[in-house]
Amino acid sequence: MTRVLILGAGGHAQVVADILLHMHQASDDIVLVGYLDDNPQLLGMSYLGLPVLGKLDKLPTIDHETTIVGIGDNQTRLNVFVELCSRGEEFSVARHPTATIALGVSIGPGSMVCAGVIVNPGSVIGSNVILNTGCTVDHHNQIADHVHIAPGAHLGADVHIGTGALVGIGATVIPQRSVGDWSVIGAGSVVTKDIPDGVVAVGMPARVIRKLDQGNIIDN
């Protein structure tokens with residue numbers, strides 16, 4: 001059995017836990033150990049029957065084989081993921097049994113695929129990615145590391161999503177378009193033209209409304 005430890009214990013981490021529990025029920029060879037979280041108010045709490053065992057620095061003292069970062073914010077999730085990589089940690093992929101993943105699709109370590117997600121053939125999903133509830137990824141997409149595709153978002157064919165980008169709830173990216181590294185697509189927006197790195201774009205069609213702090217754009 002593979003013992004999995006979840007980093008984070010908030011709402012997003014509980015969704016990760018629920019996915020892993022469904023995987024366990026479907027006879028996957030995993031056992032959940034619990035959560036680690038730096039919020040002292042959560043110490044000793046239990047969510048979905050799993051305990052919050054301590055802060056993140058307690059990681060080396062807890063028996064486990066793999067970890068997964070249960071943090072929704074892309075920048076924070078990247079920081080924790082990079083720290084875990086530096087320690088030589090191994091990562092699980094959380095894949096809900098109701099997700100439909102085409103044969104041959106590549107999913108990087110530490111990623112989560114929520115209930116109702118569809119990923120079509122030829123797509124490549126990076127590491128530490130969130131494919132949130134009910135989103136769809138059409139054929140031959142390239143989704144880079146640390147991306148978050150929010151609930152109900154839809155990506156057409158041959159779409160490229162850059163490192164750390166966020167495609168908001170219910171947004172649509174039409175085929176053969178790209179979203180740059182660390183850019184944010186607002187909820188319900190429709191991307192009809194390529195979006196550059198490090199911007200916020202909203203509307204139908206999506207238009208850039210501001211640039212993000214360049215310090216938030218990380219070449220990883």
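The values are calculated or read from the model by the stated rules, or taken from the named source; none is laboratory data. Everything numeric here is computed off the predicted structure, so don't read it as measured data. Every residue, glycine as well, gets a Cβ built from its backbone with ideal geometry; the counts of neighbours run over all protein chains shown.
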Exercise. Taking Leu36 as the residue in question, decide whether it is in contact with a Lys or Arg (Cβ under 8 Å, 6 or more places away or on another chain) and modelled with pLDDT of 95 or more.
Key: yes
Quiz item: Taking segment 98-110 only, how many residues are assigned to a loop (DSSP other than H, G, I, E, B) and either of a type in the set (S, T, N, Q) or in contact with a helix residue (DSSP H, G or I) (Cβ under 7 Å, 6 or more places away or on another chain) (or both)?
Solution: 2
Practice problem: Inspect segment 10-27 for any residue being more than 23 Å from Gly116 (Cβ to Cβ), surrounded by fewer than 20 Cβ atoms within 10 Å (Cβ to Cβ) and hydroxyl-bearing (Ser, Thr, Tyr) and give the result as yes or no. | Solution: no
Quiz item: Quick one: how many residues across segment 48-90 are part of a strand (DSSP E or B), under 21 Å from the mean Cα position of the chain (by Cα) and surrounded by fewer than 19 Cβ atoms within 10 Å (Cβ to Cβ)?
Solution: 1
Quiz item: Out of segment 111-126, which residues are part of a loop (DSSP other than H, G, I, E, B) and more than 8 Å from the chain's Cα centre (by Cα)?
Solution: Cys114, Ala115, Gly116, Val117, Asn120, Pro121, Gly122, Ser123, Gly126
Quiz item: What single numbered condition from (1) under 25 Å from Ala26 (Cβ atoms); (2) out of contact with any Ser or Thr (no Cβ under 6 Å at 6 or more places or on another chain); (3) in contact (Cβ under 8 Å) with a residue 24 or more places away in the chain; (4) not polar (S, T, N, Q) fails to hold for Val80?
Solution: (1)
Exercise. Please go through segment 146-157 and pick out each residue that is over 19 Å from Gln176 (Cβ atoms) and in contact with a helix residue (DSSP H, G or I) (Cβ under 8 Å, 6 or more places away or on another chain).
Key: His146, His148
Self-check item: Residue in segment 132-147 that is nearest to the chain's Cα centre (by Cα), counting only those that are closer than 17 Å to Val69 by Cβ and surrounded by fewer than 24 Cβ atoms within 10 Å (Cβ to Cβ)
Solution: Asn132
